[in-house]
1. Once you place label points 7 Å from the Cα toward the Cβ at Asp247 and Asn175, how far apart are they in nm?
2. Going by a ≥ b ≥ c, the root eigenvalues of the Cα gyration tensor, does the stretch 173-259 fall in the rounded group (a/c under 1.5), the prolate group (a/b larger than b/c) or the oblate group?
3. Expected output is a single nm value to one decimal: the length gained when fully extending between Ala14 and Glu212, i.e. 0.36 nm times separation in residues minus the C-alpha distance. What is it?
4. Answer with one residue from Gly69, Ala56, Leu101: the one whose Cα lies farthest towards the positive end of the charge dipole of the stretch 1-113, charges on Cβ with Lys, Arg +1 and Asp, Glu -1.
5. Can you work out the FRET efficiency for the pair Asp74 and Arg204, with r the C-beta to C-beta distance and R0 = 41 Å, to the nearest 0.05?
6. Taking a threshold of 30 Å on the Cα-Cα distance, which of the pairs Lys220/Lys256; Lys16/Lys148; Lys18/Lys220 fall above it?
7. Between Glu146 and Lys220, how high is the FRET efficiency from 1/(1 + (r/R0)^6) when r is the Cβ-Cβ distance and R₀ = 45 Å? Nearest 0.05.
8. In debye, nearest 20: dipole of the chain around its Cα centre with unit charges on the Cβ of K, R (+) and D, E (-)?
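We did not get these values from a lab; they are worked out from the coordinates using the rules stated. In this text the structure is predicted, and so the values were computed from the model without any measurement. Cβ placement follows ideal geometry from the backbone for every residue including glycine, while neighbour counts extend to all protein chains displayed.
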Amino acid sequence: MLRGASAEARTALAAKAKGQRTLNENATIGEQLLAVAGMLQAEPGLRRVTTDASVAGEAKAGLIDQIFGGKLADAVLELVKEAVQQRWTSSRDLPDVVENLGIQAVVRSAGTRGANVSDELFRVGQLIDHTPELRGALSDPARSDEDKTGLLSRILDGKVSPATLRLVTQAVRANAPIGRSLTDYQHVAADVQDEVIATVHTARPLTESETERLTDGLGKAYGATVHLHVVEDPALIGGLRVEIGDDVIDGSVASKLDQARRRIAG
């Protein structure tokens, strides 16, 4: 969670990053921003200098020109120069925000399929969770990132959009468990569509009418367009558990039985 100056910097940069661009332009911007974020994450010295409040903004922008001039699209170069001139609460917030902007651009590169990116990332996460062999291969430290991304590319080829596949490969290279990164990217993708994600755990599949009622009810309660990700979990026995933002709404039978047991034991 970004705080203070970093949160303000993200808001300013996100506003600047938006604009009318072609799908190919967004793809290029996304790819290049992710590459810059990767360099900032891998080079602590560069990260410290570019977030040091005692260094003049013009000097930091000049350093970015020296490193990336001629290697980035003009729009990307200007955005990165703007980023290093912002104030940051933590030096690690800079690459995180640049990565976030890159993910947003990749989602926009999907055009009308952008609304599907969050769902596709969710399904990839579910596939990994429910396939022990794949999960083991992706967590194997002896395998290179290239090997892991190649494996996922072969599995997902033709089954997800190019934007989703690009974000999956980014999740492999991220400095976090792939499942956590995929979940984070789902929320970014939903945010691009002005939606919030509600993850619904249910003991049985929801009917179309149940899905509509739940979506409408959550949307009214939270004052937002809600996008559901449904996880079937027979252990719940019945009812639902809904996770939306930091809130957990647990109406499952398993939860009620557990509460009853605690009351009896207490």
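1. 3.4
2. oblate
3. Here the answer is 68.1 nm.
4. The residue sitting most towards the positive pole is Leu101.
5. Details: r = 53 Å, r/R0 = 1.29.
Efficiency for this residue pair is about 0.20.
6. Lys16/Lys148
7. After rounding, the FRET efficiency stands at 0.45.
8. Using only the charged Cβ atoms, the result is roughly 360 debye.
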